[in-house]
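Structure, as structure tokens:
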Amino acid sequence: MRILVVEDDNKIGAFLKKGLREAGYAVDLARDGEKGLDLFSTLPYDAAVVDLMLPKLDGLSIIETIRRQGNTTPVLILSAKRSVDDRIRGLQHGGDDYLVKPFSFGELLARIQALIRRDSGNSDPRTLSVGSLQMDLLQRSVERDGQPISLSAREFSLLEHLLRNKGRIVSKTSILEKIYDYSFDPQTNVVDVLVCRLRNKIDKGYEHKLLHTVRGMGYVLKED
């Protein structure tokens, strides 16, 4: 999953980037409104955190612009403005949720996860599954045949991406866009290494394999 953070405060921006990375998300950070708008038009994001008071272009202008362009990325507005009128205005201009500074990172993370689940249109927003493999998005846990599987943050993020696209081929480029940072070198073999680690954890010891390589195209998670 890939998150865009548009925040001009260096301390808050670095804090959000570090925390979201540790939670398993790929994170791009823009420190002004124009850069944020440019990134919105460059890459697909699963969610965005946008401050309102930004240099060059304010947060509401960013949100209004992307909505006019048909971009439906869920946006969590982050602002020091705490009045009811400010929150209403933010939501009316296209924001999906509103969090007032100072904030708890745990609450911010929970709100982002809720926005992504709602946007995915999954009939059960709490779990994703294929065959005997099940992921609990709220507890951030994975098990197969009732046995828990311990995953790193990036392994969890990769598995979530594959589960959301189960039965469909997911390319290496798609994985790089979802799991790694904007400036990551696409020529490295990090995707192959990450997929190999995940395969060893979810398929090793099982006769019925779930994660398959489609040569020259990518990977697919399926029951057969």
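General remarks:
- Degrees between helix 33-42 axis and first principal axis of the chain (Cα, 0 to 90, nearest 10): 30
- Stretch gain in nm, segment Arg140-Arg168, where the contour uses 0.36 nm per residue and the Cα spacing is subtracted: 7.8 nm
- Crossing angle, helix 59-68 versus the chain [Cα axis fit, 0-90 degrees, rounded to tens]: 60
- Tilt relative to the chain, helix 153-164 - C-alpha long axis, 0 to 90 degrees, to 10: 80
- In this structure, the pairs whose alpha-carbon distance is over 29 Å, taken from Lys166/Lys204; Lys18/Lys101; Lys101/Lys172; Lys35/Lys101; Lys11/Lys81; Lys35/Lys81, are Lys101/Lys172.
- Anisotropy class of the range 6-124 from Cα gyration tensor, a/c 1.5 cut: rounded
- J(HN,Hα) series, the range 98-113, from Karplus relation 6.51 cos²θ - 1.76 cosθ + 1.60, nearest Hz, glycine and proline x: 9, 10, 8, 7, x, 9, 8, 4, x, 5, 4, 4, 5, 5, 4, 4
- Taking the square roots of 5 times each eigenvalue of the Cα gyration tensor of the range 141-184, largest first, gives ellipsoid semi-axes of 22, 14, 5 Å.
- Considering only the Cα atoms of the chain, their convex hull presents on average a projected area of 12.8 nm².
- Rolling a 1.4 Å probe across the protein heavy atoms gives the range 14-152 an accessible surface of 48 Å² per residue.
- At the residue level, Glu177 shows approximately 70 square angstrom of accessible surface with a 1.4 angstrom probe and all protein chains present.
- For the chain, with all protein chains in place and a probe radius of 1.4 Å, 49% of the accessible heavy-atom surface sits on carbon or sulfur.
- A 1.4 Å probe, protein heavy atoms only, puts the accessible area of Leu151 near 40 Å².
- For the range 129-219, alpha-carbon Rg over 2.2 N^0.38 Å: 1.06
- Burial ranking of peptide ranges 204-210, 136-142 (average Cβ count within 10 Å, highest at the top): 136-142, 204-210
The values are calculated or read from the model by the stated rules, or taken from the named source; none is laboratory data. This one's a predicted model, so the numbers in the text were calculated from it and none came from an experiment. Neighbour counts run over all protein chains shown; Cβ positions are idealised from the backbone, glycine included. These area figures cover heavy atoms from the full protein model, side chains too; ligands, DNA and RNA do not enter into them. Shrake-Rupley method; radii C 1.70, N 1.55, O 1.52, S 1.80 Å.
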